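Undergrad: There's a structure below that I have some questions on.
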Amino acid sequence: MTTEKNQRHIADLLAFLDASPCNFLAIDSVKKRLNAAGFEEKSLDAPIGHLKAGQTFYVTKNDSALFAIRIGQKSPVETGFRIIAAHSDSPCFRIKPHAEMHGEGGIVRLNTEVYGGPILYTWFDRPLSLAGRVIIRGKDALHPVSRLMKIDRPLLSIPHLAIHFNRAVNEGNPLSKQKDMLPILAKISNRLECDNLLISIISSELKVSLEDIIDFDLLLYDTQHACLFGLNDEFISSGRLDDLSMVHAQLQAMLESQAVDATQVIAVFDNEETGSGTKQGAGSPVLANLLFRVLESMGATTDQMGQAINRSFMISADNAHAFHPNYGEKYDPTNHPALGGGPCVKINANCKYMSDAHSAAIFKELCREAGVPCQYFVNHSDVAGGSTLGNILTGQIDIEGVDVGNPLLAMHSVRETGSVTDHEHMIAVMTHFFNL
């Protein structure tokens, strides 16, 4: 049943998605909500200081990963950590350096590189814009300054080739990432005016001098707003539901839970879509290092640190594939989750997920206690699946956990489809996990 609280959750999810067109802006959105709730921002290059029960704080890494903690009433040595992990990045297009390409008729395109594994053709013929991080000159070479940028108006588009020039386009259309996926930006007759055009746009947007702009991490995003659809507004349509819907759910669980015996942690990693092998990714020791620093600040010995980790549990939250009614043959015959059927436990015999029977049982019991339905996702045995955060994290920290996610249609499309009730259910079970 939809309640006023659930309606607020969904309205806030849509606002969160619109404010978070890329990883950097997603982390900024999380920070703003944590700041409003009284969480203290700490720096990883400064001492954490003595921590006490009920204290809340967060740290960031590379402007694109974030870790928030509420200290429990008892030491993690006794209770372990309760951790929920997700990721901030989504497949898209990154702008290359020296991006301007002046062509026939004065049309200026931007040179792009594909990030992750997007469904390429879904990006055609849409109003696109730019968002990300710009690095400007600081007090010295070792201390440049990061500035976030989001151009709110449609600025670019990747136009399709007309069907008249490719009559077989609907029979299959192989795409070149270098040739076909370049967005058009402007029409400028003078080729010389094309030079530094992008830097000029950045300068104007951020109100900084051209000379102070050193570099950038800029990404394309679809300017169409997130929305609901369906006869009863039961579906969510938006870019980046994978995995920002899980980021929003874990954040709401943290904000709506109370200080209990166990220490609560949310971890938002970056670069999951490219394998997590960065300093801000799940393949790095960033979370393990932070947890050990927390334990050290509370006076734990090395032996006690090991006890704390072994008493901990992690929910790794990354979306799953909902059953697509047009392509039933692609799914496992007995384990194909439905939109609106509740969170999914993700299982893989070759350990692409961290779930096993013990950790899956824990999550299923959490769902039962929270009054939330639960499903399984298992790949069709002839269709290879991907991996996610959980099994990668276990290479850095030997913690028990389960890989879960809400089912989506069109994962990695420029617009994915999810379920309103699934999002409500995921927040409920995550909040129950933190409140135990």
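The values are calculated or read from the model by the stated rules, or taken from the named source; none is laboratory data. Values in this document were obtained by computation on a predicted structure and should not be read as measured data. Heads up, the Cβs are rebuilt from the backbone with ideal geometry, glycines too, and the neighbour counts pull from every protein chain shown. For the accessible areas, the whole protein counts, side chains as well, though only heavy atoms, and no ligand, DNA or RNA atoms are used. Shrake-Rupley method; radii C 1.70, N 1.55, O 1.52, S 1.80 Å.
Undergrad: Largest first, what is the accessible-area ranking of M314, M305 with a 1.4 Å probe?
TA: Details: M314 0, M305 30 Å².
Sorted descending by solvent-accessible area, the residues read M305, M314.
Undergrad: Under a Cβ-Cβ limit of 4.7 Å, which cysteines in the chain have nobody to pair with?
TA: C22, C92, C194, C227, C344, C351
Undergrad: Next question. How much accessible surface does Y121 have with a 1.4 Å probe, in Å² rounded to 10?
TA: 150 Å²
Undergrad: Using only helices, what value at 222 nm comes out for the chain when you add -39,500 (n - 2.57) per DSSP H run of length 4 or more and divide by the total residues, to the nearest 500 deg cm²/dmol? Each step should come with its number before you reach the end.
TA: On the way: 11 runs with 120 residues, N = 436.
One gets -8500 deg cm²/dmol as the mean residue ellipticity at 222 nm.
Undergrad: To continue, here is another question. Expressed as an acute angle from 0 to 90° and rounded to the nearest 10, what is the orientation of the C-alpha long axis of helix 4-19 relative to the principal long axis of the chain?
TA: Value to nearest ten degrees: 40.
Undergrad: What do the square roots of 5 times the Cα gyration tensor eigenvalues come to for the range 251-327, in whole Å, largest first, as semi-axes of the equivalent ellipsoid? List each step's numbers first, then the result.
TA: Values: eigenvalues 177, 65, 27 Å².
That gives 30, 18, 12 Å for the three semi-axes.
Undergrad: Apply the a/c threshold of 1.5 to the C-alpha gyration tensor of the range 345-425 and tell me whether it is rounded, prolate or oblate.
TA: Values: a/c = 1.69, a/b = 1.08, b/c = 1.56.
Since a/c reaches 1.5 but b/c is at least a/b, the shape of the range 345-425 is classed as oblate.
Undergrad: How about K52: which aspartates and glutamates have a C-alpha closer than 18 Å to its C-alpha, ignoring those fewer than 8 places off in the same chain?
TA: E40, E41, E78, D261, E296
Undergrad: Name the most mobile residue of T274, T79, T302, meaning the one with the largest mean-square fluctuation, in a Gaussian network model of the chain with Cα contacts below 10 Å.
TA: Of the options given, T302 has the highest mean-square fluctuation.
Undergrad: Also: Normalised by the number of residues in the chain, what is the relative contact order in percent for Cα pairs under 8 Å and 6+ residues apart? Present the calculation step by step, with values, prior to reporting the outcome.
TA: Values: 917 pairs, mean separation 98.2, N = 436.
This gives 23 percent for the chain.
Undergrad: Quick one: Cα centre-to-centre distance for the range 22-39 and the range 87-157, in angstrom?
TA: 22 Å
Undergrad: With both bridge residues required to lie in the chain, what share of the DSSP beta bridges run antiparallel, to the nearest 5%? Could the numbers behind the result be given before it?
TA: Numbers: 50 of 75 bridges.
The antiparallel fraction comes to roughly 65 percent.
Undergrad: With a point put 7 Å past each Cα toward its Cβ, work out how far V260 is from N170 in nm, to one decimal.
TA: The answer from the label model is 5.4 nm.
Undergrad: Quick check on my link table: of K96/K279; K150/K207; K96/K352; K330/K352, which ones sit more than 23 Å apart, alpha carbon to alpha carbon? Don't skip to the end; give the middle numbers.
TA: Numbers: K96/K279 21 Å; K150/K207 13 Å; K96/K352 32 Å; K330/K352 19 Å.
Where the Cα-Cα span goes over 23 Å, the pairs concerned are K96/K352.
Undergrad: Choose one answer from K207, K31, K52: the residue with the largest mean-square fluctuation in a GNM of the chain with alpha-carbon springs under 10 Å.
TA: K207
Undergrad: Rounded to a whole number, what % of the accessible area of the range 17-154 do carbon and sulfur atoms account for, probe 1.4 Å? Let's see the in-between values first.
TA: Values: 2880 of 5810 Å².
Carbon-and-sulfur percentage of accessible area, whole number: 50.
Undergrad: Something else: Near C227, within a Cβ-to-Cβ distance under 10 Å, what is the net charge of the other residues, with Lys and Arg +1 and Asp and Glu -1? Could you put the intermediate results ahead of the total?
TA: Details: positive: R415; negative: D18, D233.
In short, -1.
Undergrad: For G401, list long-range residues whose amide hydrogen, built 1.01 Å from N in the peptide plane, is under 5 Å from its own amide hydrogen.
TA: Long-range HN contacts for G401: M314.
Undergrad: Please check: in the Gaussian network model of the chain (C-alpha springs, under 10 Å), which one of L231, L244, L25 has the largest mean-square fluctuation.
TA: Comparing L231, L244, L25 in a Gaussian network model of the chain, the most mobile one is L231.
Undergrad: Write down the accessible area per residue of the range 331-436 in Å², having rolled a 1.4 Å probe over the full set of protein chains. Provide the component values of the computation, followed by the final result.
TA: Working: 4070 Å² over 106 residues.
Per residue, the range 331-436 has 38 Å² of solvent-accessible surface.
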